[in-house]
1. Give me the net charge for the shell around residue 249: Cβ to Cβ below 15 angstrom, other residues only, Lys and Arg +1, Asp and Glu -1.
2. I'd like to check one number: the per residue accessible area of the chain, probe 1.4 Å, reported in Å² as a whole number.
3. Between region 182-259 and region 15-58, what is the C-alpha centre distance in whole Å?
4. Take residue 230, project a point 7 Å from its Cα along the Cβ direction, then tell me which residues of region 252-274 have their backbone nitrogen under 19 Å from it.
5. Just the Kirkwood number for the chain, please: inverse of mean 1/r across all distinct Cα pairs, in Å, one decimal.
6. Over the chain, with every protein chain in place, what whole percent of the accessible area is carbon and sulfur at 1.4 Å, could you tell me?
7. Quote to one decimal, in nm, the extra length available between residue 179 and residue 128 on full extension: 0.36 nm per residue of separation minus the C-alpha distance between them.
Amino acid sequence: MALVDRYLHAVKFWLPRNQKDDIIAELSEDLRSQLEEKESELGRKLTDDEVEPILKRCGSPMAVAGRHMPQRSLIGPTLFPIYRVIIRSLILYFLLLLLLLWLGIAIFSPDFRADHPGAALFASLEPWWLACTYSLFFNTPVFGLLDRSQARSHLVNNWNPRALPAERDPNHISRGGTIFELTFIVATMAILVQIDACHRVFHFFGVTATLAPHWPYFIWALIALNGLSIPLACLNLSQPRWTRLSASFRLGLDVYGSGLVYLLCRASLLQSLSGNDVPHTEAARLVNSINCWTASSAIWVVVIGAIVLVFDVRRLLRVAPVSSSTAG
């Protein structure tokens, strides 16, 4: 039954990763036995209206998950699942990203290391330690107070089985997103052809910009990336589910693309600027500033690329291998 599946999916969300499958299997067996018993009593299949009170008697998904977790003294089992999810999200999507950003700047920025010699380099982590402290300090007492207030009863008892979210297929690919990606790729290719991007000299607003001799190689590498992305987009459009093949292809393209953008930022591509109203010394200073800015932006490419690759690897590990019978 769709309503039961949504209920089990909602309970599973709040459970610890290493216990999800065992607890859900046990809960599913218990729930379905109750439903079968009621169906045999009535001699017919139950409707959603008849399933709803059975789920209500079991308790809200958060409360059911809390009963299967170790008992906590400060935060009880009722609210501990949501506390755990919030703390884990803060660590993975905020604190860990801040730490990776600091690590990238410390590794790739000589100026930063020069400004923070020796122990001062680790002292620059103070904002990160403060963020960790504040995250735990503010969240833990708030949940402790909620657990001892009437708000807990409201959170746990005021719920509707019909309002539970549908179970999401993590391997489903949005056709709308794929169409947008394909449109973007084709538009990029058209723009590159329209402006004759392989040329090194460009004129705009009375200014002439001359790019480095290796600029055309980057353009051809970008064209190759777009050319390889088109078959993947077409495959995802015809078969909107991630497979080992498509997930591996996506991982490879993202590694290639991240490396290309990183090299692009570090390559000092702008060679010169000239114009009637631009003094030579000012133009040289501007060229140096632009090249330094793009080089310093490479750290953001590393951070964003690392995040994308983490999601790509997780997707690849999540996709079930194609069985031999399916392949045949």
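1. Values: positive: 241, 244, 250, 315; negative: 181, 254, 312.
The answer is +1.
2. Details: 20200 Å² over 328 residues.
Averaged over the residues of the chain, the accessible area is 62 Å².
3. 51 Å
4. Residues 253-254, 257 fall inside that zone.
5. Working: mean 1/r = 0.0395 Å⁻¹.
Value: 25.3 Å, from the Cα pair sum.
6. Details: 13180 of 20200 Å².
Here carbon and sulfur together make up 65 percent of the probe-accessible area.
7. Working: separation 51, 0.36 × 51 = 18.36 nm, distance 3.98 nm.
Separation in residues times 0.36 nm, less the Cα-Cα distance, equals 14.4 nm.
The values are calculated or read from the model by the stated rules, or taken from the named source; none is laboratory data. This one's a predicted model, so the numbers in the text were calculated from it and none came from an experiment. Positions of Cβ are backbone-derived with ideal geometry, glycine not excepted, and every protein chain shown enters the neighbour counts. Quick note on the areas: whole protein, heavy atoms, side chains included, nothing else; ligands and nucleic acids left out. Shrake-Rupley method; radii C 1.70, N 1.55, O 1.52, S 1.80 Å.
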